[in-house]
Amino acid sequence: MKRISSDEVKKVAQLARLELNESEIRQHGEQLEKILDYIKQLEKINTENIPCTTRAIEVVNVLRKDERKDYPNNDELIDLAPTREGKFFKVPKIMNH
């Protein structure tokens with residue numbers, strides 16, 4: 001017995017704004033069946049003592065000390081900005097104080 005009917009595939013396609021022909025509906029139904037079979041296999045795995053994770057690979061922020069560094073051609077960089085004020089970039093005001 002199929003777990004996913006063609007009506008259910010049509011409903012999901014409609015929600016996703018997809019226009020599927022009968023062949024595509026049948027194909028997607030079969031693919032969804034395979035996905036559900038795979039999930040059923042995963043449900044059998046004992047994960048009782050496994051800590052929760054958000055990623056498969058640990059991600060660590062690499063931070064460096066915020067240091068001022070002089071650039072020898074400072075005027076060349078500031079000249080690239082749309083506007084400048086003296087030796088600084090001039091930017092629009094974003095906060096009212």
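The values are calculated or read from the model by the stated rules, or taken from the named source; none is laboratory data. All of these numbers come straight from a predicted model, not from anything done at the bench. Backbone-built Cβ (ideal geometry, glycine too); neighbour counts: all protein chains shown.
Things worth noting here:
- In summary, MET1 fulfils each of the numbered conditions (1) part of a helix (DSSP H, G or I); (2) hydrophobic (A, V, I, L, M, F, W, C); (3) modelled with pLDDT under 90 with the single exception of condition (1).
- Yes/no for GLU33 being charged (D, E, K, R) and assigned to a loop (DSSP other than H, G, I, E, B): no
- Set ARG55, ARG64, ARG17, ARG68: member being on the phi > 0 side of the Ramachandran plot, of a type in the set (Lys, Arg) and in a loop (DSSP other than H, G, I, E, B): ARG17
- Pairs with Cβ under 8 Å, 6+ apart, first in region 53-73 and without any contact (Cβ under 8 Å) to a residue 24 or more places away in the chain, second of a type outside the set (Asp, Glu) and surrounded by 10 or more Cβ atoms within 10 Å (Cβ to Cβ): TYR71/LEU77
- Subset of region 71-91 (residues that are in a loop (DSSP other than H, G, I, E, B), loosely packed, with under 10 Cβ neighbours inside 10 Å and among the charged types (D, E, K, R)): LYS87
- Number of residues in region 39-77 that are among the acidic types (Asp, Glu) and over 30 Å from PHE89 (Cα atoms) equals 3.
- Boolean, GLU33 is without any contact (Cβ under 8 Å) to a residue 40 or more places away in the chain, of a type outside the set (A, V, I, L, M, F, W, C), surrounded by fewer than 10 Cβ atoms within 10 Å (Cβ to Cβ) and at negative phi: no
- ILE25 touching a Ser or Thr at 6+ places or on another chain (Cβ under 7 Å) and surrounded by 10 or more Cβ atoms within 10 Å (Cβ to Cβ): yes
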